[in-house]
Amino acid sequence: MQLISENPYRILGLSNTATDREIAKRVSDLSVYVEMGKEINYNYDFIEFAPLERNIETIKEAERKLEQPKDRLRHSLFWISFDSNNNYIENLNINNRLEIINNIPNNNAFDLHNKAIITLFSKNDFKTIKTGINYFNDFLAHTSFNDFIDKIVSERSSKTYNADEIFFDELLKEIIKKFEPKEIFDLFRDTPKEEHIRSTIIKPIIYKIESEIKIVQMKTQKDYKNALKFAKQLINNTADSFSSFKLILSETDIQFTSISNKFAEQILNCSIAYFNENFETTDEDVGDKALELAETAKKYAVSSIIIDRIDSNITTLKEWIKNKPRRDKINKIRKQYDFITKKIDNAVNRLSATLTPPSPLEADIFLDSCEDKLLEIRDKLGYDDELYIEHSSIVASIAISIIIKWYNHQASIKVYGTSADDNSTILRILKRIKHIDMDEKTKSHLDNNFSIIKRNKQAQGGGGCYIATMVFGDYDAAEVIVLREFRDNVLTKSSIGRKFITLYYKYSPKLVEKYKDNRKVNDVIRKILNRFIGVLK
C-alpha cells in the first residue's frame, strides 16, 4: 500500500510521533549521507515489506510533505509509532507479522493504531484491508485517541481536523482502483464514515450515468434514425456503473429510483424515436428492435408512471409486429390502398362536417371513384381476402351512410316522405351497393335499410304506403300506386286529409311490423283495399 510504503515518515526512518526538530535533523543527516554516497538503514525501514528508495529528491519531498499540520496528521495516520513500550516493533518481520499483530495489546490508542497499520502494510487483499480497517475503528473508539492526535499535532490544531475522515478518504483514494465499488463499500461498512464513503463512491457513478444519458439525449435529438445505436451505447457504457449502483443502493433509495427512472425514460425515448423515424422509411422491420429496447427500459424503471408509459408503448409495438402480414399485403396494393383511404377520409369528413348532408348523387360519385381501385385490389389479393373485404365493406358502408343521412334529413324537414324520383334514385343506388363485396354485418345493414326505404316510407310527400305495400307485396304494385295517387291528389288538399296522413304514418309501421306475417289479417285488409280501389277507379 503506497500510503504506507512511500510514507514520508518511513522515507526519513522516523516514528509518526517525531517532532519538528527530529524531522529537521534527520533530513540534514540523510542529505549528508546521500551526498557522500553512503547508504544508511534504520531499524524500522521494514525492507521486507516493501522496497525503500532514499535520495535527495525523496528526502526533500518527505520533508515538504510534513511541513503543514494537516499533512503531518494525514501521513502519521498511515505510519507506525515507536517508543520504549512497544518492543514488538523491533522484532517485526514479514514472516512473524501475523503473530505480532495478534499479540499486540489493546491497552492504548498507539498500540491499536500500530496494529491497524502493520495489518494494512502486510498484505493488499480484501480480507487483510478489512481487518486493518476494523482495527482502525477500535483505534478511533479508544479513550486515548485524542492523546494520539495531540502528540502528532498541537492540541489547538487537533481540534481543526477530522482524523477519521482524513484516514478513510486517503484509504479510499488508494483502493478505489483496486476493488469494485460494491467491495469498497463492504470494506467500509459499519465504520463511522460509512455514509460518507457511500456518498463518495456513488457520486462518480451517478455522474457517469447522468453524463452518458445526456450524451445519448443530445445525439438522439440530432439523429432519430440512429437512436437504436445510441441506446445500445448508453446501455454498454453504463453497464458496470449500473451494476455497482444496484449493489450499493437499495431499490427504495431516492438516488437509485431517480437515476433508474431517468435511465429507463431515455432508453424508452430512444425506442420511440427509432421506431417513428424508421418504420416507414426502411425495408427493415424495426418493430422487434424497438420492442426489445422498450422491454430493456422496463427492467430499469421504478416509477409506476414510467412503467405505465413503457407498457403502453410495448402494447403498441406488439400490435404493430402482429400486423406485419397485413402491412406486407398493403404494400402490395399501396397505390390503390392510399387512393381509397384518401377517398374514405374525405367522405367521412364530408358526412360529419356540415349540417346539410351530402345528396344521393354524391354517394354515386363516391362509388364511381372507388370502384376501379377496389377491383384492382380484388384482382391482386383475391375475392375472399380479408383486407379487400374490409375496404370494400367500408366503401359500401359510407355510401349507405350518405343515403340514410340524406333520407333522414328529408324526413325531418317535410310533412311527408320524399318524392317519387328521389325514392327511385335512392333505391337504384342501394341496389348498386348490393353488387359490392362486403362482410355480413354491412350486408345486413344494407338489406335492412333497403327494406325499410322500399316498404315502409316515412310520412313525407311521395312516400310509400306501409299497409298497402305489406298486403300487395311490392312498393310498385298497381294497387299501391293508385292509393299513393289518392293520397297525393286528394288527401293532401284538405286539413282533415293531411291529419289522416299524419296519423296513418305514425301508427301504420307498428301495425305492419306486427301483422306482416299474418296471412288472415293481410287477406282481410287486401279485400277492403281492393273494394276501395274499385271505387276510386
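The values are calculated or read from the model by the stated rules, or taken from the named source; none is laboratory data. In this text the structure is predicted, and so the values were computed from the model without any measurement. Cβ sites come from the backbone with ideal geometry, for glycine too, and all protein chains shown count toward neighbours.
For (1) under 26 Å from N408 (Cβ atoms); (2) among the acidic types (D, E), each residue gets a yes or a no:
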| residue | (1), (2) |
| --- | --- |
| N323 | no, no |
| R326 | no, no |
| T341 | no, no |
| D345 | yes, yes |
| P357 | yes, no |
| I365 | yes, no |
| D368 | yes, yes |
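Can you pull out the residues in the range 202-221 that are more than 14 Å from L234 (Cα to Cα) and free of Cβ contacts under 8 Å to residues at least 40 places away in the same chain?
K203, P204, Q221
What pairs can you find where one residue is in the range 383-412 and more than 17 Å from R428 (Cα to Cα), the other is among the polar types (S, T, N, Q) and in a helix (DSSP H, G or I), and their Cβ atoms are less than 7 Å apart, with a gap of 6+ or different chains?
Final answer for the pair search is S393/T442.
Which of the residues spanning the range 33-84 are aromatic (F, W, Y), in contact (Cβ under 8 Å) with a residue 24 or more places away in the chain and under 22 Å from D20 (Cβ atoms)? I'd like the intermediate steps shown before the answer.
At the first step, the residues of the range 33-84 found to be aromatic (F, W, Y) are 33, 42, 44, 46, 49, 78-79, 82.
Narrowing the set further to residues that are in contact (Cβ under 8 Å) with a residue 24 or more places away in the chain leaves 42, 44, 46, 49, 78-79, 82.
Of everything in the range 33-84, those that are aromatic (F, W, Y), in contact (Cβ under 8 Å) with a residue 24 or more places away in the chain and under 22 Å from D20 (Cβ atoms) turn out to be Y42, Y44, F78, W79, F82.
Residues that are under 17 Å from the mean Cα position of the chain (by Cα), modelled with pLDDT of 90 or more and surrounded by fewer than 13 Cβ atoms within 10 Å (Cβ to Cβ): does the range 274-281 have at least one?
no
Identify, from the list N87, N137, N102, the residue that is farther than 18 Å from N16 by Cβ and exposed (fewer than 13 other Cβ atoms within 10 Å of the Cβ).
After applying the criteria, what remains is N102.
Can you find even one residue in the range 308-324 that is within 32 Å of the chain's Cα centre (by Cα), within 30 Å of E295 (Cα to Cα), part of a loop (DSSP other than H, G, I, E, B) and free of Cβ contacts under 8 Å to residues at least 24 places away in the same chain?
Checked against the condition, which is being within 32 Å of the chain's Cα centre (by Cα), within 30 Å of E295 (Cα to Cα), part of a loop (DSSP other than H, G, I, E, B) and free of Cβ contacts under 8 Å to residues at least 24 places away in the same chain, the range 308-324 yields at least one hit.
Take P358 and decide whether it is modelled with pLDDT under 90 and either within 16 Å of T425 (Cα to Cα) or of a type in the set (F, W, Y) (or both).
Yes; evaluated as a whole, the condition is true for this residue.
Of all residues being of a type outside the set (A, V, I, L, M) and exposed (fewer than 13 other Cβ atoms within 10 Å of the Cβ) in the range 477-501, which is nearest to G534 (Cα to Cα)? Just the residue, please.
Our first condition is that a residue be of a type outside the set (A, V, I, L, M); within the range 477-501, this holds for 479, 484-489, 492-495, 497-500.
Adding the requirement that they be exposed (fewer than 13 other Cβ atoms within 10 Å of the Cβ) leaves 485, 489, 493-495, 499.
Values: E485: 14, N489: 17, K493: 21, S494: 22, S495: 25, K499: 24 Å.
Here the residue is E485.
So, V348, is that one touching a Leu at 6+ places or on another chain (Cβ under 8 Å), assigned by TED's automatic domain parsing to the domain that holds F450, of a type outside the set (F, W, Y) and in a helix (DSSP H, G or I) or not?
On the way: touching a Leu at 6+ places or on another chain (Cβ under 8 Å): no; assigned by TED's automatic domain parsing to the domain that holds F450: yes; of a type outside the set (F, W, Y): yes; in a helix (DSSP H, G or I): yes.
Criteria not met by V348.
Give the range 238-252 a look and list any residue that's crowded, with 16+ Cβ neighbours inside 10 Å and in a helix (DSSP H, G or I), or say none. Walk me through how you get there before you give the answer.
Filtering the range 238-252 for residues crowded, with 16+ Cβ neighbours inside 10 Å gives 238, 241-242, 244-245, 248-249.
Residues satisfying the conditions are S241, F242, S244, F245, I248.
Of all helices (runs of 4 or more DSSP H) completely enclosed by the range 1-105, which ones contain at least 1 residues that are under 19 Å from E170 (Cα atoms)? Reasoning before the result, please.
Working: elements: 2-5, 8-12, 20-35, 56-65, 69-76, 88-91, 97-103.
Of the helices (runs of 4 or more DSSP H) lying wholly inside the range 1-105, those with at least 1 residues that are under 19 Å from E170 (Cα atoms) span 2-5, 8-12, 56-65, 69-76.
Run V286 past the list (1) under 17 Å from Y224 (Cα atoms); (2) without any contact (Cβ under 8 Å) to a residue 12 or more places away in the chain; (3) crowded, with 16+ Cβ neighbours inside 10 Å and report the number of the one that doesn't hold.
(2)
Of all the residues that make up the range 327-345, how many are in a helix (DSSP H, G or I) and either in the same structural domain as F279 (by TED's automatic domain parsing) or hydrophobic (A, V, I, L, M, F, W, C) (or both)? I'd like the intermediate steps shown before the answer.
Of all residues in the range 327-345, those in a helix (DSSP H, G or I) come to 327-332, 334-345.
From what's left, either in the same structural domain as F279 (by TED's automatic domain parsing) or hydrophobic (A, V, I, L, M, F, W, C) (or both): 330, 339-340, 344.
Here the count works out to 4.
Which residues, taken from the range 263-273, are in contact with a helix residue (DSSP H, G or I) (Cβ under 6 Å, 6 or more places away or on another chain) and either modelled with pLDDT under 95 or of a type in the set (A, V, I, L, M, F, W, C) (or both)?
F263, A264, I267, L268, C270, A273
Might you let me know whether the range 238-246 holds any residue that is of a type in the set (D, E) and under 28 Å from the mean Cα position of the chain (by Cα)?
Yes, because at least one residue in the range 238-246 is of a type in the set (D, E) and under 28 Å from the mean Cα position of the chain (by Cα).
Every residue in the range 329-343 that is of a type outside the set (K, R) and surrounded by 12 or more Cβ atoms within 10 Å (Cβ to Cβ), please.
I330, I333, Q336, Y337, D338, F339, I340, T341
Quick one: would you say L249 is out of contact with any His (no Cβ under 7 Å at 6 or more places or on another chain) and modelled with pLDDT of 90 or more?
Answer is no for this residue.
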